[in-house]
Amino acid sequence: SYVALGFLEWYESDASDRRLLAPLLLHPVSIERVLIKQRYRYSVASTGDDEETNLTLRERLRRDFGIELPE
């Protein structure tokens, strides 16, 4: 599982009213669910692995707009 950090907001065209959002960074996490007294308790912890950039967004920005995201 991942936690998304930071979002890029854009519109497909100047005439569009539909706002699009894409996460910039994805941080790997583990999620644990435990049943305690008939209620679920959740815990989220970092896996310790490195964050990942949104590869689909990176490629779209490069291809459509000539923008190279830093590593």
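The values are calculated or read from the model by the stated rules, or taken from the named source; none is laboratory data. It should be emphasised that the depicted structure is a prediction, and the values quoted were computed from it without experimental measurement. When we count neighbours, we look across all protein chains shown, and the Cβ atoms used for this are built from the backbone with ideal geometry, even at glycine. These area figures cover heavy atoms from the full protein model, side chains too; ligands, DNA and RNA do not enter into them. Shrake-Rupley method; radii C 1.70, N 1.55, O 1.52, S 1.80 Å.
Kindly provide the set of residues from segment 37-65 that are among the hydrophobic types (A, V, I, L, M, F, W, C), in contact with a Ser or Thr (Cβ under 9 Å, 6 or more places away or on another chain) and free of Cβ contacts under 8 Å to residues at least 40 places away in the same chain, ordered by number.
45
Residue-wise test of (1) over 11 Å from the mean Cα position of the chain (by Cα); (2) β-branched (Val, Ile, Thr); (3) open to solvent by less than 90 Å² (accessible area, probe 1.4 Å).
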{"position": "28", "(1), (2), (3)": "no, no, yes"}
{"position": "37", "(1), (2), (3)": "yes, no, no"}
{"position": "45", "(1), (2), (3)": "yes, no, yes"}
{"position": "48", "(1), (2), (3)": "yes, no, yes"}
{"position": "55", "(1), (2), (3)": "no, no, no"}
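Would you check if there is a residue in segment 14-25 being under 19 Å from the mean Cα position of the chain (by Cα), polar (S, T, N, Q) and outside any strand (DSSP E or B)?
no
Looking at the structure I just gave you, is residue 68 in contact with a Ser or Thr (Cβ under 7 Å, 6 or more places away or on another chain) and either part of a loop (DSSP other than H, G, I, E, B) or open to solvent by 60 Å² or more (accessible area, probe 1.4 Å) (or both)?
Spelling it out, it is not the case that residue 68 is in contact with a Ser or Thr (Cβ under 7 Å, 6 or more places away or on another chain) and either part of a loop (DSSP other than H, G, I, E, B) or open to solvent by 60 Å² or more (accessible area, probe 1.4 Å) (or both).
Among the residues of segment 15-24, is there at least one that is touching a helix residue (DSSP H, G or I) at 6+ places or on another chain (Cβ under 6 Å) and without any contact (Cβ under 8 Å) to a residue 60 or more places away in the chain?
So far as segment 15-24 goes, yes, one or more of its residues are touching a helix residue (DSSP H, G or I) at 6+ places or on another chain (Cβ under 6 Å) and without any contact (Cβ under 8 Å) to a residue 60 or more places away in the chain.
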